[in-house]
Amino acid sequence: MTPLPPPAMLDITSLRRVRPWGGDLVDIAMADGKITGITPAGTAPIGVREFDGRGLLALPGIVNAHAHVDKSWWGLPWQSYGGEASTEARIRHERSERDRLGIPSLECSAHVLREFVRHGTTAIRTHVDVDSGVGLRGIEAVEEAAAAYEGALDVRIIAFPQDGVLRRPGVLDLLRAAAARPGVEGIGGLDPATIDRDPVGQIDAITALAADTGVGIDIHLHDPADLGAFQIELLVDRAARLGLQGRVNIAHGFAVAQIEPARRRDLLAAMAEVGVTMTTVAPLRLPQLPLAELDEAGVRFAFGTDGIRDLWSPYGTGDTLGIAWQYARAAGLVRDDDLLRVVQLATTDAAWSVGRETHDLIEGARADIVLLDAENPLDALVRLPERMLVVGGGRVLHVA
């Protein structure tokens, strides 16, 4: 594999003639990685390094709230899929093949980040495998790939026990070691009932570890219906008892869309009370998380790409806005308010997933901006036009 060169980045001082959220033409001034002013087009002082937006739509940088930067074979020759359908079988297939392909590696992680950036992503929460086979090598590879962007691309790492927590000796120790690294913001878990066969045991172990180390939790929970809901209830209970309010995220959480409405209402209310959040990759052939009910309950959620071109599946482009499109289409969302809400969930309202209070095109916010040739955010969502310019922390990361 030919290593990717470091990304070519250039600080800019202003974007001229852009339309934030499809509004009037403005100039956006930037300094020290922040938006310092937004004024009517043509009124800002001439900057040292400017970019003429030519009336393009401006959105906040896209946030990928559930990625697997370490797992892809992007940059290698095409790999034919040879696994089976179940989660357990895919885990076995990945473990048997990853060393042959040199996964994890700096080069593959760099390719994935490059694809994310090309599609307008400026902030990422990525799960990185931690197990007896790879140790912490995946975290080291992702940290090195992210470091090439010198902070212009915001990468947050979750140490993820893809092969289970309790059933593999030493995994809890590895998670503790990962949690001590400055770049790791959380630890994960995986289907406590069907992978570890001990839902109480796994959830008690990871919540206790998070409480002890001060990191968050982001758990993959594929288990369906009542079984999945029971495990969410355990997580809510432990979050309340151990002081983990606002520090627990449930990825996938198919059960929320599969239980009967009255129980879902009660479950979402309990989740909101302790700040349990959700992320979705909008899987096909499964009911989507209910937008209106999540919003009504006050449960925050966001979109992610999951793994792309990896040993689980050859699919994926790295376009989180494309996942938002998939979610809206699969959920049957057609009204303007709902389409706008979906774009917000892929941008501004995903700020929580990367530890931000604010992520928007406003003065004082981090200068993460993507320009698209679209009439408005709704047009951008349904048509998925090319990202013409991507700015992260006031630095140009990609130009079409």
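The values are calculated or read from the model by the stated rules, or taken from the named source; none is laboratory data. Bear in mind the structure is a predicted one, so any value in this text is a computation, not a measurement. With ideal geometry, Cβ positions are generated from the backbone for all residues, glycine too; neighbour counts draw on all protein chains shown.
Somewhere in segment 70-81, is a residue surrounded by 12 or more Cβ atoms within 10 Å (Cβ to Cβ) and under 24 Å from residue 356 (Cβ atoms)? Yes, some residue in segment 70-81 is surrounded by 12 or more Cβ atoms within 10 Å (Cβ to Cβ) and under 24 Å from residue 356 (Cβ atoms).
Residues in segment 40-55 that are modelled with pLDDT of 95 or more and buried (at least 20 other Cβ atoms within 10 Å of the Cβ): 1 in all. Need pairs with beta-carbon distance below 8 Å; first residue among the charged types (D, E, K, R) and within segment 170-186, second part of a loop (DSSP other than H, G, I, E, B); sequence gap 6+ or separate chains. Sorted first by the residue in segment 170-186, then by its partner, the pairs are 181/136; 185/215; 185/355. Filtered by the rule that a residue be buried (at least 19 other Cβ atoms within 10 Å of the Cβ) and either in contact with a Lys or Arg (Cβ under 7 Å, 6 or more places away or on another chain) or of a type in the set (A, V, I, L, M, F, W, C) (or both), segment 271-284 gives 271, 274, 276, 277, 278, 281, 282. Can you confirm whether residue 375 is farther than 24 Å from residue 291 by Cα and either under 16 Å from the mean Cα position of the chain (by Cα) or part of a loop (DSSP other than H, G, I, E, B) (or both)? Considered against the rule, which asks whether it is farther than 24 Å from residue 291 by Cα and either under 16 Å from the mean Cα position of the chain (by Cα) or part of a loop (DSSP other than H, G, I, E, B) (or both), residue 375 comes out as yes. In segment 317-341, the residues that are free of Cβ contacts under 8 Å to residues at least 24 places away in the same chain reach residues that are surrounded by fewer than 16 Cβ atoms within 10 Å (Cβ to Cβ) with C-beta atoms within less than 9 angstrom, at least six apart or across chains, in these pairs: 329/382.
The selection criterion, being of a type in the set (Val, Ile, Thr) and closer than 28 Å to residue 285 by Cα, does not hold for residue 122.
When we screen 204, 218, 226 for residues that are out of contact with any helix residue (DSSP H, G or I) (no Cβ under 8 Å at 6 or more places or on another chain) and either assigned by TED's automatic domain parsing to the domain that holds residue 157 or among the aliphatic types (A, V, I, L, M) (or both), the only hit is 218. Residues being modelled with pLDDT of 95 or more and under 30 Å from residue 269 (Cβ atoms) are represented in segment 308-322 by at least one member.
Per this entry, residue 391 is counted among residues that are part of a strand (DSSP E or B), at pLDDT 95 or above, farther than 30 Å from residue 102 by Cα and not assigned by TED's automatic domain parsing to the domain that holds residue 74. What residue, among those in segment 228-268 that are free of Cβ contacts under 8 Å to residues at least 24 places away in the same chain and of a type in the set (D, E, K, R), is nearest to residue 215 (Cα to Cα)? This residue is 241. The strands (runs of 3 or more DSSP E) located wholly in segment 21-112 that include 3 or more residues which are more than 25 Å from the chain's Cα centre (by Cα) occupy 26-31, 34-40, 50-52.
Keeping to segment 97-151, report how many residues are closer than 21 Å to residue 351 by Cα, buried (at least 24 other Cβ atoms within 10 Å of the Cβ) and touching a Pro at 6+ places or on another chain (Cβ under 7 Å). Total meeting the criteria: 0.
When 115, 97 are checked against the criterion of being at pLDDT below 95 and among the charged types (D, E, K, R), 97 stands alone in meeting it. One residue stands out among those in segment 139-148 that are more than 17 Å from the chain's Cα centre (by Cα) and in a helix (DSSP H, G or I): the one that is farthest from residue 9 (Cα to Cα), which is 140. Apart from one condition, residue 384 fits all of (1) in the same structural domain as residue 85 (by TED's automatic domain parsing); (2) touching a helix residue (DSSP H, G or I) at 6+ places or on another chain (Cβ under 8 Å); (3) at positive phi; the exception is (1).
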